[in-house]
Every structure is written in structure tokens, then in C-alpha cells.
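The values are calculated or read from the model by the stated rules, or taken from the named source; none is laboratory data. Predicted model, so just to flag it, every value in this text is computed and none were measured. A quick note on method: Cβ atoms are made from the backbone with ideal geometry, for glycine too, and the neighbour counts reach across all protein chains shown.
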Amino acid sequence: MKNFLWLLFFLPMFSIAQDSTRVDLSNPHATVYTHLYFLQADSYEPKKAAKTILGLSEIAAIKKAIKIKQVLDGKGLYVDVNKIPTNPNYKDSIGYSSYFKYVLFPQRMPDIYLEKTGENWYFSSETVVKIESLYKEVYPWYVEKIQNIIPVSGHKKMIGIELWQFIGFLIMIVLGYLIFLIVKRIAFFILRRIQHQITKNTNLEVNKVLKKLAHPISLLVSVAFADKIAPSLQFGLEINTWIFLGLNIAKTIFWIYVFLKLVQVVMFIYGEFAEKSHGKLDDQLVPILNSFFTGLVIVIGVFRLLILFGVDATTMLAGATIGGLAVALASQDTVRNLIGTIMIFLDKPFHIKDWIEAGEVVGTVEKVGFRSTSVRAADTSVYQIPNSKLSEIVINNKGLRLFRRYNTNLGLRYDTPPELIEAFVKGVREIIIAHPETRSDSFNVEFTGFGDSALLVMVNVYFKSLAWGIEQSSKHRLHIAIVKLAKELGVDFAFPSTTVTIEQFPEKKGLSLKYDINKDRIDAVITKVVKDFSNENYSDSE
């Protein structure tokens, strides 16, 4: 009776032990656990591990199962069985929705995956077919020969590593450094030739950047060499995991550095082309694009590093999407301004240094940024206009005018003789024709009417330069010449006034100016004034 009770006590424990070591292919987790468990040193039963291979003889299935594990170990791919789904009807969310599939390492080893056949999960037929080629990639042909020539002393261990593995690791580092030096020179030579073909110059700044770009490229080649050779050293899974993690981190960092320098080179070349283009708005696009692509490279690189440290890519993207949506909702003004910036660069309603009228703001465009545009007014104050607003309001771009139109009225005294009015109008016309900054084929100078206090002479002229400063200087020279003409002719400009005439006192005489209307004198005055004006313009141009 006592023995029977002891049997009842140990029977459940015995059953649990049996269940924990039985072959189970009911879901992805069970199949992977079965495969790995029965290939461990303390539970080595390759026949049971071979049950995860379908459609082959027992001997062939054992070889395939062993090679699958050797490939995973050789690449340092540690299988975390706790993260493998236990759902018997698991479907790959990346692939077809009707396909029962589970990929162990989608990024680093996508060819090794499970698929459901009937009610059980097995390694896929594609995995079984490709495992031989994968094995040869991880363990090249020379690995077996090296194993055959290693003496017994070479298998002595130091800190858990065999002597031949330690020597092989040092040789790999030395060869990697030699490859780095050689590839660096070749890469710089090729990049410099490409840059010379694109820009047709030997800009020193570009050469410095290309030297920095050649450095990480050569490091990438060295890392690729180490990634190819490291499995041949046949370290254990624990060591390989750390080796390949370090190699992948280094590879990602070097790629980030390469793309950052590539962005710098491309933006430098684009900046040179932008400076040669007619429109200055492209010059403002260079720093914006540089910031955008730099940020994009860094974000993608950080995502890649997080994936290497085991962060789930789907969860990370979902979190980034939700977080981006939340940020977008919380900063709608910023998003609108960004869209406004894009519209400004697409439509190009103005260029840098254009004189614009945008609502109440009038001034010269100095800078177009991510969020706002800087406009400097005539009083040198700077207005920051949000790009969202700027893309919606009416913009009068005076910088796109073919010419700058200037229209004004000159008021002469009412007692000016008709002869002098004609002479004054003729002289102003001659001055405009002689002015180097005005269009001589399109202007109007006419006696247009009678004002409250003056005889009105309209001056309508077009300046050639579109720059606001040059326009003001041209006006100044035109005004000075007109004033000199009026002084020489004896013509006075009127100002608001009231004249009282007293007819009851004949002995009282009113103020009457004496005008000289001699035709010869008038012609001589006009000729002299226009000649002096032309000589002044000639001396200024020199």
C-alpha cells in the first residue's frame, strides 16, 4: 500500500517530465522549441528534432534540422522562444492574409521560416531547399579544410575560446584593417572622379567631404568582410550573438555616417547650381532640404538600431504613427505652416530680394524658412509672416515686374507763361531720354490739367532696375535734374496758397514775377541742363 501511494505521488511529475520533452508541432512556438530542445547537448535527440522537417527520409531530415540550427548559431541569431506565437492558426501580417506562416528573423534571415501543413507546423519547403546554400554561405568551403589541418594543440581553450579561434580572430582583424586602407584609397579616387564629372571643378570643400565619405565606405567593406568570415571561426551561439550584434551596430552607424555625408555632398553641389540659377528662392531651399534629409537619415538609422536591440518593428511603427498623429493634432499651426512652405517652393510666388506687398506688409523678401518668411520693410524693420498665411493671401510681387513704374505730378505756378510750360515739359522729356536707368521708348510727360493751386504736369516713367534701392537712387537723380531745369528756366513750383486781389486801390500793385520767355535762351538752357545731366551720369558710371 505504501509503494502504491509513492507511485501515485510521482506519477504526475513523471507525466509532466514526459510532456515537456515530447514532440509537439501544433503551433509555431511548439515546433521551434521541439527543434532546438532536441539538438541541445544535454537533450540531444536529432530524430525527434527531424520531425520538424516534412517530406524527407529520417536521415535527410536529421541533416537538414542540424544545418538549420548551425546556420542560426553561425550568424549569432538567438531564438527567444518566449516571443514566438502559440496560436495554431497564426498568420503572417506582412505576407498574404490567407497564408499560415511565421518568419523567425524577418530582417536578417528571411529564408528560414515555418508554415502550417494540415494541423501541424513544419519548416517550410523553401527553407528545406535553401538550407544547403545558406549553410555554404555561412560556412564556406575552406572551413572543413581548416578543421582538418588544425593540430590537437590548436583546440586548447583560453577563457572558453579555442586557440585556433583566437588566432583566426586576430588574423581577421589584421586583414580587415588592410582591406580598409586599400578600399579607402580606391573609394576616394572613384568619388573624386564622379564629383569631377558632375561639377567639372576641383572644389576643395567637396574634396574634404569626399574624403570623409570614403572613410565610412571603407569601414563598411571591412565590416562586411568580418561578417562573412566570423561564422567560419565557429564560436558558440553566445559569442556569435555578441559579435554579430556589434557588427550590425557598427554597420548601421557607418551607413548613417555615409548617408549624412552623401546628403552634405549632394546639398553642396545643389547649392552651387542654385547660386548660378536666376531665381534666388532655390538658395533658401538648400538649408531646408539639408535639414529634412539629415533628420530623415537619423530617424531611419535610430529605428534600425532599435530593431537590432530587439524592439519590434511593427510596434515601433504603430507607436510612431500614433505619436505622429498626436503631435500633428497638437501642432496644427506648425503643420499648416509646413504645408504653406511647400506650396511657396512649388508655386514660387516670389524670390529672395523681391519687393512684395503682402497684406499690410511691404518690403524685401530676405529668407524663407520652415515656418515663416522674413520680409524687411523700407524702415529696416523685419516682419515674420507665417507661411500658412502667406500662401493664402494676395501677394503683389513688384519684383516680377518687367520695369518699375514711377508716376507723379509736378505743380507749376498759375502765372507760368505757356512758353515756359512747353519748355519745361520738353526739358523733362530730354532728361528722361538721357537718364541711363529709364526707358527712353516708353514714358509720358504732359501738361494734364489744372489743380487747386498749380498747373499739373504729369511725369510717367519706367525704371529698368527692379531693385528697390536702385529705384530710389534713380528717382533722386531724376528729381535733381528736374529741379535744376526749373531753376535755369526760371520756373517756380507751386504750393497751396491764396491770392487776394484788391481792385479798389489802383495805386496798389500786386506781386508779378518777370518771366524770360526768349526762345533762344530757353533752348540753350535745356541743352545745357541735359548736357550737364548726361555728363554727371557718365562720371558716376566710371
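Some observations on this one:
- Count of region 116-127 residues which are surrounded by fewer than 20 Cβ atoms within 10 Å (Cβ to Cβ) and either touching a helix residue (DSSP H, G or I) at 6+ places or on another chain (Cβ under 8 Å) or within 14 Å of GLN70 (Cα to Cα) (or both): 1
- Applying a threshold of 9 Å to beta carbon distances and a minimum spacing of six or more residues, or different chains, the list of pairs starting in region 298-323 at a residue that is farther than 27 Å from VAL81 by Cα and not assigned by TED's automatic domain parsing to the domain that holds LEU260 and ending at one that is at pLDDT 65 or above and not in a loop (DSSP other than H, G, I, E, B) is empty.
- Scan of region 222-240 for residues that are aromatic (Phe, Trp, Tyr) and crowded, with 21+ Cβ neighbours inside 10 Å, ordered by number: PHE235
- Members of region 369-383 that are at pLDDT 80 or above and surrounded by 13 or more Cβ atoms within 10 Å (Cβ to Cβ): SER372, THR373, SER374, VAL375, ARG376, TYR383
- Qualifying residue in region 191-207 (condition: at negative phi, at pLDDT 85 or above and among the polar types (S, T, N, Q)): no
- Tally of residues being surrounded by 12 or more Cβ atoms within 10 Å (Cβ to Cβ) and out of contact with any Phe, Trp or Tyr (no Cβ under 6 Å at 6 or more places or on another chain) across region 394-405: 4
- Close pairs from region 416-429: first assigned by TED's automatic domain parsing to the domain that holds VAL491, partner among the charged types (D, E, K, R), Cβ under 8 Å, at least 6 apart: THR416/ASP492; GLU419/LYS519; VAL425/GLU446
- Residue check, LYS398 modelled with pLDDT of 80 or more and of a type in the set (Lys, Arg): no
- Test: residue in region 408-418 that is surrounded by fewer than 16 Cβ atoms within 10 Å (Cβ to Cβ), at pLDDT 90 or above, out of contact with any Asp or Glu (no Cβ under 7 Å at 6 or more places or on another chain) and part of a strand (DSSP E or B): yes
- Unique residue being in contact (Cβ under 8 Å) with a residue 40 or more places away in the chain, hydroxyl-bearing (Ser, Thr, Tyr) and not assigned by TED's automatic domain parsing to the domain that holds ILE470 when the list is SER391, SER381: SER391
- One residue from PHE495, PHE505, PHE533 being more than 60 Å from the chain's Cα centre (by Cα) and at pLDDT 75 or above: PHE495
- Just one of the listed residues (PHE235, PHE254, PHE259) is over 15 Å from TYR177 (Cα atoms) and not in a helix (DSSP H, G or I), and it is PHE235.
- Scanning region 423-456 for residues that are assigned to a loop (DSSP other than H, G, I, E, B) and among the polar types (S, T, N, Q) returns SER440, SER442, SER453.
- Residue in region 115-124 that is of a type in the set (Val, Ile, Thr), modelled with pLDDT of 85 or more and assigned to a strand (DSSP E or B) present: yes
- Considering region 32-90, the residues that are among the charged types (D, E, K, R) and part of a loop (DSSP other than H, G, I, E, B) include one that is farthest from the chain's Cα centre (by Cα), namely GLU45.
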